[in-house]
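A.B. asks: Sharing a structure below in structure tokens format, with a few things to ask.
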Amino acid sequence: MSNEFDLETAISACVTEKSRKRPVYWKHSPIYWPALSSQQAAREIPLKYVTDKVDITILSPDEWGEFLARLYHRKYQQRELSEPPQIPTSDPLALCAKLDITAYVRTYNHETYLVLPGYRQYLTTLLSGDDFRYRHPQILTLGLGALSIEADISLATHVISSVEILIGESLHILQYLINDEQLLSQLGLEHVSLLTQSIITAGASLSLEASFPVSLCVGLGLVLVSIASSIWETDRKTIFSQAMIDKMSELVMSEAE
């Protein structure tokens, strides 16, 4: 009988179950828990990014209203018009289209939130406005790691899905937005069904500032890890990678006992 099966279907079906001593499957190959003698050995399992990281910005109604108004006003000033036109803040997608900005909207409690691919190109404009700057904006890094096997039969932790989120006032609805499988797919994330199932497992802790970061094992050799960092942090990838290494080593050692 062939070992091949659909990875995402198999893991999604039991991602919320308690981890068990069983083979871990990744790339259709069976991987068994290693016989590691120490925590240090578990921590030395190498970490590899096997998909591109996705960057996004999430803006509340007040934040996107001020942000788009600044961009729109700047565009019309460049055209040397005598005065800027009325800004259609009730329709952010129409305004984004005029500004040649790719954007998505999601409605929560009758409020419209704007989701933008990327954040670095918008950061200076956002920080020049009061509505965003005074909301203590931060960057949240969220990623899913899978215990995997290399061609030489050595173990590795593969980061199979990761996202950096620039966020301010919208932190309280974060879980709702990143539970949206269609939105995550549109933004270019990979292994979306696994990621959303893991987010569901994390539950409300992703919506509570006091509980961030989140670090948990979601079964079958998968770990979900997140960090919160200042927008001025320059070593964010190293901090996140270390958090992922720590959590995977914890999972490996607990299953090897």
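The values are calculated or read from the model by the stated rules, or taken from the named source; none is laboratory data. Keep in mind it's a predicted model, so treat the numbers as computed, not measured. All Cβ positions, even for glycine, are placed from backbone atoms using ideal geometry, and neighbour counts span all protein chains on display. Only protein heavy atoms, including side chains, enter the accessible area calculation; ligands, DNA and RNA are left aside. Shrake-Rupley method; radii C 1.70, N 1.55, O 1.52, S 1.80 Å.
A.B. asks: Here is a list of conditions, (1) at pLDDT 75 or above; (2) part of a helix (DSSP H, G or I); (3) buried (at least 16 other Cβ atoms within 10 Å of the Cβ), and Ile56 meets all of them except one; can you say which number that is?
C.D. replies: (2)
A.B. asks: On to the next question. Given the condition of a type in the set (Phe, Trp, Tyr), closer than 26 Å to His172 by Cα, within 17 Å of the chain's Cα centre (by Cα) and assigned to a strand (DSSP E or B), answer yes or no: does some residue in segment 118-130 qualify?
C.D. replies: no
A.B. asks: Shifting gears a bit: Take Leu81 and tell me if it is at pLDDT below 90 and not charged (D, E, K, R).
C.D. replies: Yes, satisfied.
A.B. asks: Separate question: Within segment 159-205, which helices (runs of 4 or more DSSP H) (wholly inside it) include 2 or more residues that are free of Cβ contacts under 8 Å to residues at least 60 places away in the same chain and closer than 20 Å to Ser215 by Cα?
C.D. replies: It comes to 174-178, 192-202.
A.B. asks: Is it true that Leu155 is closer than 24 Å to Tyr49 by Cα, touching a helix residue (DSSP H, G or I) at 6+ places or on another chain (Cβ under 7 Å) and modelled with pLDDT under 90?
C.D. replies: Against the criterion (closer than 24 Å to Tyr49 by Cα, touching a helix residue (DSSP H, G or I) at 6+ places or on another chain (Cβ under 7 Å) and modelled with pLDDT under 90), Leu155 does not qualify.
A.B. asks: Is one or more of the residues making up segment 172-187 open to solvent by less than 40 Å² (accessible area, probe 1.4 Å), within 19 Å of Val50 (Cβ to Cβ) and modelled with pLDDT of 85 or more?
C.D. replies: yes
A.B. asks: Only one of Ile149, Ile87 is under 26 Å from Gln197 (Cβ atoms), modelled with pLDDT under 85 and open to solvent by 40 Å² or more (accessible area, probe 1.4 Å). Can you tell me which?
C.D. replies: Ile149
A.B. asks: Can you pull out every residue in segment 212-257 that is open to solvent by 60 Å² or more (accessible area, probe 1.4 Å) and at pLDDT below 75?
C.D. replies: Pro213, Glu257 - these are the residues of segment 212-257 that are open to solvent by 60 Å² or more (accessible area, probe 1.4 Å) and at pLDDT below 75.
A.B. asks: Given the condition open to solvent by 40 Å² or more (accessible area, probe 1.4 Å), of a type in the set (A, V, I, L, M) and touching a strand residue (DSSP E or B) at 6+ places or on another chain (Cβ under 6 Å), answer yes or no: does some residue in segment 152-167 qualify?
C.D. replies: Within segment 152-167 (the criterion being open to solvent by 40 Å² or more (accessible area, probe 1.4 Å), of a type in the set (A, V, I, L, M) and touching a strand residue (DSSP E or B) at 6+ places or on another chain (Cβ under 6 Å)), the answer is no, since none of the residues qualifies.
A.B. asks: Please enumerate the residues belonging to segment 98-137 that are of a type in the set (Asp, Glu) and closer than 18 Å to Tyr72 by Cα.
C.D. replies: Correct list: Asp100, Asp130, Asp131.
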